[in-house]
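The values are calculated or read from the model by the stated rules, or taken from the named source; none is laboratory data. As the structure is a prediction and not an experimental result, all values here were calculated from the model. As a convention, Cβ positions derive from the backbone with ideal geometry for all residues, glycine included, and neighbour counts pool all protein chains shown.
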Protein chains: 2
Amino acid sequence: MHLIDNLQYANWSEKIFRQMREGGVDAVHATIAYHETFREMVARIEEWNLWFERFPDLIVPGRTGDDVRRARQNGRTAIFFGFQNPSPMEDDIGLVEICHALGVRFMQLTYNNQSLLATGCYEAEDTGVTRMGRQVIREMNRVGLVIDMSHSAERSTLEAIEISERPIAITHANPAFWHPALRNKSDDVLKALGQSGGMLGFSFYPHHLKGKSDCTLQSFCEMVARTAELMGPAQIGIGSDLCQDQPDTVVEWMRVGRWSKQIDYGEGSAKDAGFPPMPGWFRDNRDFANVEKGLREVGFTQAEAAGVMGENWLAFYDANFGPAEG
Amino acid sequence: MHLIDNLQYANWSEKIFRQMREGGVDAVHATIAYHETFREMVARIEEWNLWFERFPDLIVPGRTGDDVRRARQNGRTAIFFGFQNPSPMEDDIGLVEICHALGVRFMQLTYNNQSLLATGCYEAEDTGVTRMGRQVIREMNRVGLVIDMSHSAERSTLEAIEISERPIAITHANPAFWHPALRNKSDDVLKALGQSGGMLGFSFYPHHLKGKSDCTLQSFCEMVARTAELMGPAQIGIGSDLCQDQPDTVVEWMRVGRWSKQIDYGEGSAKDAGFPPMPGWFRDNRDFANVEKGLREVGFTQAEAAGVMGENWLAFYDANFGPAEG
């Protein structure tokens, strides 16, 4: 079985890379931009390049599904890059291909606000995919950069699924039927996503969990089982949203970037402004075995559980990270 | 035989790409930056990406020697990127690896002026490779980005050959023994270059030719033969410096960029400020057969002539465009 976590944004360190190896994590999709310009995002890749050079026994750059297989064979974790906002492509469609050449494999069309491409889930009005958004979806399809609608509003998400000629992803969110958070997704979205061959990555971020930090593993796994019925067992995986060791200043950057002079608490609140504690059954990269065990206990077969833990993402990587065929 | 021109800076167009095919040119090293910032250079790659998308039957992106072989099999011209100045890497050593990931395979440590890395051939004093220059040479060696000293001063060039752990290139220049232009190279430089496994690309740019635009093919080919004796027959190739269809505003950008408010005529003069006319035996990409014929006529064997026309560059590409071996 290949183990893939399709969304983390940790305060990366040797400690965390060693925990990935301890937990047998073969690949991680790492967020490298929230509100960065193109040039600032490139500086984030430069940091990663230093880590690849410094820790070649722990991590390797990931570009294709085969890089995950090689990483597993060699005892490394393959790191795939993604953006949670299209800000690094600025207003320049040519940067889509440039970002792909630099290893970027997922890009959210929006973070929480309206972007140049679509509407984020915190806006009052959702006007769907913009004129530029349609062009950028076509270009992302062409080069093999996956559209991620994790933070986008409902109509924009349904339109992106419809307009895109290749499957899209919601890399880190849970179903609203289980926990009706603003960031969690409706049955309509999940059904359309599953029918189009898209993927949902289940989040362990407490604001997305029923009972937040106190959420039980059993409740989580029962939710996964119900989602498998709704979307199909091959359309689901993990996107933990692990933000390990981040100082609270970072959640502030994620939430307000440079777009506001006022603080915005996002899913938190004034008295609960920082990162909430993770649930006891998933503290960090060493705990994925708990999740696999939990899935088996609510009735997943070994093959189905392996699909959720990484094989489904691996098949998605194989199909969607290269140029569109002819 | 593979035909490689290891330096052009044309005003690219479908017409020129078709002439490359007509002339059987399998690969071209294309300059994409003189004084550009990183972000401006990325915009130049975006333009190339549009051409690759628009003319897939004529040109393909080049990254390795095998891309040249594939281009030849498929009847295309592989385009390799290079800088004539380190300005696109700004003052940031991490951009060396980023540029390599974007397909850049040659970088001059200087254009005509002092740079952050070394001294250009128009400065009064040549202080050699700088502190940063030493670090950047090491990084270029690590990732497989070739050091090009075509426009650099003598001491800086000799030091770069010495410091670099992999062979370097002078992509477009001629020997000073034949025509003592400021841009042409001394016997000392050519010998050190050849002994270290480096490559010289012969230029057809009139300011580098004996007799300028009136230079004869025979004189040129006799010079090539004498250089082969000096450097070894495997260390020489073509770097035509063809600047086809460029308006004179472009030569002004090459010469003064944004570093001066006064005009600098470089190798030209106030009454001869634009691009000089090419010699009659090399008007454009369709005329390489003339050069090959000229080489045979001054005594080169078929294999030696094939080396000069492209096989030597191909062997150099194979050895120097990938990461350094552990």
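Observations, loosely collected:
- Residue in the stretch A:155-163 that is in contact (Cβ under 8 Å) with a residue 12 or more places away in the chain and assigned to a loop (DSSP other than H, G, I, E, B) present: no
- Hey, A:MET20 crowded, with 17+ Cβ neighbours inside 10 Å, within 14 Å of another protein chain (Cβ to nearest Cβ) and assigned to a helix (DSSP H, G or I) or not: no
- The set of residues in the stretch A:55-69 that are of a type in the set (A, V, I, L, M) and either touching a Leu at 6+ places or on another chain (Cβ under 9 Å) or modelled with pLDDT under 95 (or both) contains only A:VAL68.
- Residue in the stretch B:154-166 that is within 16 Å of the chain's Cα centre (by Cα), closer than 23 Å to B:ALA27 by Cβ, crowded, with 24+ Cβ neighbours inside 10 Å and away from chain A (no Cβ under 14 Å) present: no
- Restricting B:SER152, B:SER186 to residues that are of a type in the set (S, T, N, Q) and under 25 Å from B:LEU102 (Cα atoms) narrows the list to B:SER152.
- Filter result (on the phi < 0 side of the Ramachandran plot, touching a residue at least 60 places away in the same chain (Cβ under 8 Å) and surrounded by fewer than 20 Cβ atoms within 10 Å (Cβ to Cβ)) within the stretch B:298-326: B:VAL298, B:ALA306, B:GLU311, B:ALA315, B:ASP318, B:ALA319, B:GLY322, B:PRO323, B:ALA324
- B:GLY211 more than 24 Å from B:ILE161 (Cα to Cα) and more than 15 Å from the chain's Cα centre (by Cα): yes
- Residue satisfying all of: in the stretch A:26-35; within 25 Å of A:VAL251 (Cα to Cα) and assigned to a loop (DSSP other than H, G, I, E, B); farthest from the other protein chains (Cβ to nearest Cβ) among these: A:TYR34
- Some residue of the stretch B:271-286 being outside any loop (DSSP other than H, G, I, E, B) and crowded, with 17+ Cβ neighbours inside 10 Å: yes
- Residues that are touching a helix residue (DSSP H, G or I) at 6+ places or on another chain (Cβ under 6 Å), over 21 Å from B:SER260 (Cβ atoms) and of a type outside the set (A, V, I, L, M) are absent from the stretch B:105-127 altogether.
- Residue match in the stretch A:47-66 (condition: touching a residue at least 60 places away in the same chain (Cβ under 8 Å), touching a Gly at 6+ places or on another chain (Cβ under 7 Å) and of a type in the set (Gly, Ala, Ser)): no
- In the set B:GLU47, B:GLU36, B:GLU53, B:GLU40, only one residue is of a type in the set (Asp, Glu) and crowded, with 16+ Cβ neighbours inside 10 Å; that residue is B:GLU36.
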